[in-house]
Every structure is written in structure tokens, then in C-alpha cells.
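These notes concern the structure reproduced below.
The values are calculated or read from the model by the stated rules, or taken from the named source; none is laboratory data. Keep in mind that this is a model prediction, so the values were computed, not measured. Neighbour counts run over all protein chains shown; Cβ positions are idealised from the backbone, glycine included. What goes into the accessible areas is simple: the full protein's heavy atoms, side chains included, and nothing from ligands, DNA or RNA. Shrake-Rupley method; radii C 1.70, N 1.55, O 1.52, S 1.80 Å.
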Amino acid sequence: VIGKACHKAAERFYRGSKIPNAIKHGFNLIKETPDFEIDYGKTGSRDKMIERYYQTVDIFFDCIPLKPGKIIGVEQVAVQPVITDPEYTPKENANVAFEIPAKTYSDLVFLDGRKRLVIWDYKFSWQFKDPESIYHDLFVQAMFNYHTNWQLHKKRPYKIVFWLVKGSENRDESRPQLIPVEIVFKKNPKFFTLFYYLYFECTDEIMKPD
């Protein structure tokens, strides 16, 4: 619930709200969430959740770049075909559309100062996970976002940045509360080979008759 509230605050801000008003929208989400949707064993009381929400969302707005570029998508939902990119695929396998389209949720999509397409994804938590331990999940999410945004905006994404936001205070003040994990697509051509192999295997299995 805290993560959803922080996402709501970020969404409202990048849609044009001032920071205090954006934070209030996240607070309202927590306040309006029914009890049956909350695991109090993990979150503690509603008051504790609100306390942690304010602590986390304040860190987010203190650390995140507030004006990253020309925004073209906020909490963007995209359903698009997955097509093999000829820039990363042998000629004989290029421009092949898989039978099952992909659906993605992109927290923020924008054009940076060099007019490159950039995707942001926020991940809010009370304690950091080691980025290497979740890199597999980030790789898959990155590749899905590349392909849906490429088709939706008719422009190849330059990179995706996963912002890992830690709500609890660090005892060591030299350690960051927010860590960016950046994947620049042109620097990772092997990701495409692996992704296409996995996507083909999965779609092939799904499309088999019962």
C-alpha cells in the first residue's frame, strides 16, 4: 500500500500537481484503502503506514530529478506487439512479430535533453534489496518496456532507469537512500538475444493446443 501511495504521489506530481498536493493524493490512497486489502502483519497499523509513507515519499522528492525532460507518458499502460529489432537481430530473424503481444506499465516516459527516449520505474521499499539479486527481474521488465515503448512511440528507447527508494533511514549517512539502476540498451545487445529466446519459448508453449 505504501508503494502504491508513493506511485500515486509521483504520478500526480508529473501530471502537474505541486509536491504538497501530490503527497496528499498518496495519503488519501492509504486512508481510503479498505482493511481487507492491507496485510497489517507486514505493514503495522494504519498510522504506522502513514508515517512510513511520508518518510519514503519525502526521500523520493528530495532525491529524484524533478525535471528530467519532456514528459510523454505518466503511469503509461501499453499493449503492443513484440517485434524483433533489426538493430539487435540477424537479418533473417529481424522484424518478426511474436503471436502474443506484451502489456507494460511505465511509471514515467520522457525525452531527455538530447531527445532520447528514457523510461523510469520506481521501486519503493522499507529496506533495500541487493540490486544484483533482483537484476533478472529488472532485465525482463526492461526488455518488455523497450519493445512496447518502441512500438507505441515509434522511437527506440535509449535506456531505462529503475529508481530503488529506501524509506528507512540509513545509520550510515554516507549511504544513499535512493539508488538508480540504469540499463542502456545499446550497451546490452545480448539482452535482446536472450529475451527473444525466452519469449519465443514461452509463446510457443502457450500456443500449443491442449
Binned at 5 Å from zero, the C-alpha pair distances of the range 15-133 give percents of 2, 8, 12, 15, 16, 16, 11, 8, 6, 4, 1, 0
Kindly state, as a whole number, the per residue volume in cubic angstrom of the convex hull around the alpha carbon atoms of the chain. 158
With the cut-off at 25 Å, tell me which of the pairs 91/186; 70/186; 18/186; 18/155; 48/103 have Cα atoms farther apart than that. 18/186; 18/155; 48/103
Among DSSP beta bridges lying fully in the chain, give the percent that are antiparallel, nearest 5. 70
Out of the range 1-64, which trypsin sites (Lys or Arg not before Pro) are coil in DSSP terms and have no more than 15 other C-beta atoms within 10 Å? 15, 18
What is the magnitude of the charge dipole of the range 1-62 about its Cα centre, with +1 placed on the Cβ of each Lys and Arg, -1 on the Cβ of each Asp and Glu, and no other charges, expressed in debye to the nearest 20? 200
Which listed residue (152, 141, 196) has the Cα farthest towards the positive end of the charge dipole for the chain, taking +1 on Lys and Arg C-beta and -1 on Asp and Glu C-beta about the Cα centre? 152
Solvent exposure of the chain as accessible area per residue, Å², 1.4 Å probe: 58
For the range 12-75, compute Rg over Rh where Rg is the Cα radius of gyration and Rh is the Kirkwood radius from the inverse mean 1/r over Cα pairs. 1.04
To the nearest 20 Debye, how big is the dipole of the range 34-169 about its Cα centre, given +1 on the beta carbon of each Lys and Arg and -1 on that of each Asp and Glu? 680
Counting only DSSP loop positions in the range 4-110, the GluC sites (Glu not before Pro) whose Cβ has at most 15 other Cβ atoms within 10 Å are 87, 99
With all protein chains present and a 1.4 Å probe, the order of 162, 27 from largest accessible area down is 27, 162
